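Structure first, commentary second.
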Amino acid sequence: DGGITQSPKYLFRKEGQNVTLSCEQNLNHDAMYWYRQDPGQGLRLIYYSQIVNDFQKGDIAEGYSVSREKKESFPLTVTSAQKNPTAFYLCASSYPYNEQFFGPGTRLTVL
Amino acid sequence: AQTVTQSQPEMSVQEAETVTLSCTYDTSESDYYLFWYKQPPSRQMILVIRQEAYKQQNATENRFSVNFQKAAKSFSLKISDSQLGDAAMYFCAYSGGYQKVTFGTGTKLQVIP
């Protein structure tokens, strides 16, 4: 079945640690995106990638990093520089001029 | 920069009745796409309906339809015969294509039995 997977579903981080959230898609989409969602709020774009080995900062990129070495994969690293990382993280992918397909999300909590 | 505004943080509707969720947007582009997404308590984002700006005809998907007013930059979602499973957060979104997608802040819909 085609789709987007995110892992883990729940992630706990100690202060000062870097953590990496996984996002994989087998839809053959060129574009992939990372969003952050805080309680009761909409989606804010962290990073997006239109093609392999290329990515652009979104609205809230500070404290995050990404890579796009393969078309299918777009991992997000939450670094220790991100001061308030507790949130729900959503990954999405799309063809050009089409709707985005979303993964099930990762809930990150800082201990 | 594009902006998307959903002015109704919460709405409620009686089961089997009709409800309309509002969305306005601001853009200088002439070619773009608009979407409504549903996020139930599971938090999985699900596409409800899409509208291409070059199409004058309003999109319809079963009980869901839109009222697209390009000149007014308005894109409302109408849900007919509301069901308990329609209860969710609804997000309006704008896309200029390969560019980033801009989401509104969402409307929480409650369906009353």
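The table below gives the values:
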read-out	value
Cα radius of gyration and Dmax for chain A (Å)	13.1, 40
Per-residue SASA entry for A:Ile51, accessible area with 1.4 Å probe, Å² rounded to 10	100 Å²
Charge sum, other residues only, whose C-beta stays under 10 Å from B:Val19's C-beta, Lys/Arg counted +1 and Asp/Glu -1	-1
Under 5 Å, built H, 5+ apart or other chain: amide partners of A:Gly105	A:Gln6, A:Cys91
Computed label-point distance, nm, for sites B:Lys78 and B:Tyr54 using a 7 Å Cα→Cβ extension	2.7 nm
Dipole of chain A, positive direction: furthest Cα of A:Thr20, A:Gly3, A:Leu111, with charges on the beta-carbon	A:Leu111
Residues in segment A:62-89 that a label on A:Ser22 would reach, taking backbone N under 17 Å of a point 7 Å out along Cα→Cβ	A:67-78, A:89
Most fluctuating residue given options A:Gln56, A:Gln41, A:Gln25, as computed from a GNM of chain A linking Cα atoms under 10 Å	A:Gln41
Extent along principal axes [Cα atoms of segment B:1-94; Å; largest to smallest]	38, 25, 21
Options B:Tyr54, B:Tyr32, B:Ser65, ranked by Cα towards positive dipole end of segment B:23-70, top entry (Cβ charges)	B:Ser65
Per residue, in Å², the accessible surface of chain B once ligands and nucleic acids are set aside, probe 1.4 Å	49 Å²
Dimensions (Å) - the protein assembly as shown, Cα atoms, principal axes, largest first	50, 39, 35
For chain B, built as a Gaussian network whose Cα springs stay under 10 Å, the top-fluctuating residue of B:Ser22, B:Ser42, B:Ser65	B:Ser42
Cα-projected label distance for A:Arg44 with B:Lys108, points at 7 Å along beta-carbon direction, nm	1.9 nm
Cα-Cα over 32 Å, subset of A:Lys9/A:Lys71; A:Lys83/B:Lys100; A:Lys14/A:Lys57; A:Lys83/B:Lys70; A:Lys57/B:Lys78	A:Lys83/B:Lys70; A:Lys57/B:Lys78
Residue with peak Gaussian network fluctuation, chain B [Cα springs, cutoff 10 Å], from B:Ala16, B:Ala53, B:Ala71	B:Ala71
Karplus-derived 3J(HN,Hα), 6.51/-1.76/1.60, for each residue of segment B:19-27, Hz, glycine and proline x	9, 10, 9, 9, 8, 10, 9, 10, 7
Long-range HN-HN contacts of A:Gly3 with modeled amide H, under 5 Å	A:Asn26, A:Leu27
Förster-model FRET efficiency, 30 Å R0, A:Lys71 and B:Asp31, C-beta, rounded to 0.05	0.70
Rough spin-label spacing in nm, given labels placed 7 Å along Cα→Cβ, for A:Val52 and A:Asn98	1.9 nm
Total charge dipole magnitude, chain B, about the Cα centre, Cβ charges on Lys, Arg, Asp, Glu only, Debye to nearest 20	200 debye
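The values are calculated or read from the model by the stated rules, or taken from the named source; none is laboratory data. Every value quoted in this text rests on a predicted model; they were computed, and no experiment measured them. With ideal geometry, Cβ positions are generated from the backbone for all residues, glycine too; neighbour counts draw on all protein chains shown. Keep in mind that these areas ignore ligands, DNA and RNA; they rest on the heavy atoms of the full protein, side chains included. Shrake-Rupley method; radii C 1.70, N 1.55, O 1.52, S 1.80 Å.
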